[in-house]
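Asker: Below is a structure I'd like to ask you about.
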Amino acid sequence: MNIINRQHGYAALLMIPLAFGLLSCSKHKDATPTPQTLTFQQTISLPQSRVYGSGGAIGSKFVFAGGTSNNTIQKSVDIYDVQTGAWTQSNLSLGRWMMTSVQTDNEILFAGGLTTSSYTSISGVVDIFNPGSGTWSQATLPTPRASMAAASAGRKVFLGGGAGANMVFSQALDIYDRNSNTWTSTNLMVAHLSGAAAAAGNKVMFAGGYGGTAASPVISNMVDVYDLNTGKLTTATLSKGRIALAGVASGSRMFFAGGLEAPQTNIASDVVDVYDAAADQWSVMHLSAARCNIGTAVIGTLVVFAGGDTGVKTFDTIDIYNTQTNTWSTARLSSPQTYCTLGVCNRQLIVAGAQSKTADVFLLSN
């Protein structure tokens, strides 16, 4: 199988796809804060294009790692400094694609993935990068697998689901405590392949994706709910089952957006299931266009859903939800992009698409 095949086959099964506001005041009366917006700033050139790469941003550094380029699996890491506009390069300890990236307060972890084009070559390597110091360290997944869903809560990282050797759909949940440098493991209630994860309040959720087996996959509406206080798992349900959805959290709310409801016929979803941990309540909102493989990020008061595709069409759409005003707006990428990697560096949002040698930079404005 060609490792840059973009069809919604096994590669799509494995794919899962990273604040502050200024208040004005008056001595005489309360003033309403000006809603924040995103303004296009520039398009930057990337050192190389990547397919199924992983990335994120901390401080002034945007990091883009692994994946495939020119049909070759990469161990290279490209690092962009938004303050200087300069690129530097580093390397993973092991080249791989279908990695999962997840951030703590000051580190980006690149976990698992495939080391060859074969789905039997599953890696348990976790490369940990500290952009502030420029240093790397390594850890090992208790259960090696590719395309996990991931979220972080404080200094704990949660890696759930994915696929193990021979495309076995996984129920594994590995929890890495960066303070003690220790792992604990348990099993989710159901397998989640090509699902999404997010964390808010005292809960970490793993939503949707494929359940069943590679021979008989089932699109799932199940949500595994991990309680940070008790360590116990319960379940909830999405309003619609789907794969290749996006997960992100802002404040007390988790957002599970888009995805495919019927991959065989490329039926995409515009549904955004929202869970408010403070109210313990679910609600449903909608994107401006139905699509899957959306890139997500939170910048200031804005929750961003960028790019995506339906299997037959790729989008330049950015849907933006303002958590301060509870309103939606849209912006546009410079070109249609899917499988986007997003990073927030200071007040800048960087959006890089798969197979693209450019990235768009947006500025958070009041």
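Asker: Can you tell which of G55, M222, N322 lies farthest toward the positive end of the dipole of the chain, using +1 and -1 charges on the Cβ of basic and acidic side chains (Lys, Arg; Asp, Glu)?
Answerer: About the Cα centre, the residue reaching furthest to the positive side is G55.
Asker: Spelling out what I want: for every residue of the stretch 68-79, take phi, set θ = phi - 60°, compute 6.51 cos²θ - 1.76 cosθ + 1.60 (Karplus), and round to whole Hz; glycine and proline get x.
Answerer: After applying 6.51 cos²θ - 1.76 cosθ + 1.60, I find 10, 9, 6, 6, 10, 6, 9, 10, 5, 10, 9, 10 Hz.
Asker: In a shell of Cβ-Cβ distance under 11 Å around H286, excluding H286 itself, what net charge do Lys and Arg (+1) and Asp and Glu (-1) give?
Answerer: Values: positive: none; negative: D270, D273, D319.
Taking every Cβ under 11 Å from that of H286, the sum is -3.
Asker: Would you kindly find the accessible area of K75, with a 1.4 Å probe and non-protein molecules such as ligands, DNA and RNA excluded, rounding to the nearest 10 Å²?
Answerer: Per-residue accessible area (K75): approximately 90 Å².
Asker: For the chain, which whole percent of the accessible surface, found with a 1.4 angstrom probe, sits on carbon and sulfur atoms? Each step should come with its number before you reach the end.
Answerer: Working: 6880 of 14080 Å².
Carbon and sulfur: 49 percent of the exposed surface of the chain.
Asker: Apply the Karplus parameterisation 6.51 cos²θ - 1.76 cosθ + 1.60, with θ equal to phi minus 60°, to every residue of the stretch 144-157 and state each ³J(HN,Hα) to the nearest whole Hz, in sequence, with x for glycine and proline.
Answerer: Going residue by residue, I get x, 6, 10, 6, 6, 8, 9, 8, 10, 9, x, 9, 9, 10 Hz, with x marking Gly and Pro.
Asker: Work out the length of the dipole vector of the chain about its Cα centre, built from +1 on the beta-carbon of each Lys and Arg and -1 on the beta-carbon of each Asp and Glu, and round it to the nearest 20 debye. Present the calculation step by step, with values, prior to reporting the outcome.
Answerer: Values: 21 positive and 19 negative charges, 55 e Å.
Dipole magnitude for the chain comes out near 260 debye.
Asker: While we're here: State whether the stretch 242-320 is rounded, prolate or oblate according to the following rule on the C-alpha gyration tensor (a ≥ b ≥ c being the square roots of its eigenvalues): a/c under 1.5 gives rounded; otherwise a/b larger than b/c gives prolate, and the remaining case gives oblate.
Answerer: Numbers: a/c = 2.71, a/b = 1.56, b/c = 1.74.
Oblate, since a/c reaches 1.5 and b/c is not below a/b.
Asker: If amide H atoms are built 1.01 Å from N in the plane of the peptide, which residues on other chains or at least 5 residues away come under 5 Å of the amide H of T34?
Answerer: S24
Asker: Could you do me a favour and compute the accessible area per residue for the chain, 1.4 Å probe, result in Å²?
Answerer: Averaged over the residues of the chain, the accessible area is 38 Å².
Asker: Please report, for the Cα atoms of the stretch 139-274, the Rg to one decimal and the Dmax as a whole number; what are they, in angstrom?
Answerer: Gyration radius and largest Cα-Cα distance of the stretch 139-274: 14.2, 47 Å.
Asker: Tabulate in residue order the Karplus-calculated ³J(HN,Hα) for the stretch 242-256, using 6.51 cos²θ - 1.76 cosθ + 1.60 with θ = phi - 60°, rounded to whole Hz; enter x for Gly and Pro.
Answerer: 6, 10, 6, 8, 10, x, 7, 10, 9, x, 8, 10, 10, 10, 10
Asker: Label the stretch 212-366 by shape, choosing from rounded, prolate and oblate, from the square roots a ≥ b ≥ c of the eigenvalues of the Cα gyration tensor; if a/c is under 1.5 it is rounded, and otherwise prolate applies when a/b is larger than b/c, oblate when it is not. Walk me through the numbers before you get to the answer.
Answerer: Working: a/c = 1.85, a/b = 1.15, b/c = 1.60.
In terms of gyration-tensor shape, oblate.
Asker: So, counting K/R as plus one and D/E as minus one, what does the shell of residues with Cβ under 14 Å around Q41 add up to?
Answerer: After counting each charged neighbour, the total is +1.
Asker: Quick one: accessible surface of Y210, probe radius 1.4 Å, all protein chains present, in square angstrom to the nearest 10.
Answerer: The accessible area comes out at roughly 10 Å².
Asker: Once the other residues with Cβ under 13 Å from the Cβ of T182 are scored (Lys, Arg +1; Asp, Glu -1), what is the net sum? Walk me through the numbers on the way to the answer.
Answerer: Working: positive: R155, K156, R178; negative: D174, D177.
With Lys, Arg at +1 and Asp, Glu at -1, the net is +1.
Asker: Heavy atoms only, probe 1.4 angstrom, no DNA, RNA or ligands counted: give me Y119, Y275 ranked by accessible area, highest first. Could the numbers behind the result be given before it?
Answerer: Working: Y119 30, Y275 5 Å².
So the residues, ranked largest to smallest area, are Y119, Y275.
Asker: Answer with a single label: of (1) 19.2; (2) 17.4; (3) 22.5, which was calculated as mean projected area of the Cα convex hull in nm² from the structure in view?
Answerer: Structure-derived value, by its label: (2).
The values are calculated or read from the model by the stated rules, or taken from the named source; none is laboratory data. Given the structure is predicted, the values throughout are model-derived calculations rather than measurements. All Cβ positions, even for glycine, are placed from backbone atoms using ideal geometry, and neighbour counts span all protein chains on display. These accessible areas exclude ligands, DNA and RNA; they are computed on the full protein's heavy atoms, side chains included. Shrake-Rupley method; radii C 1.70, N 1.55, O 1.52, S 1.80 Å.
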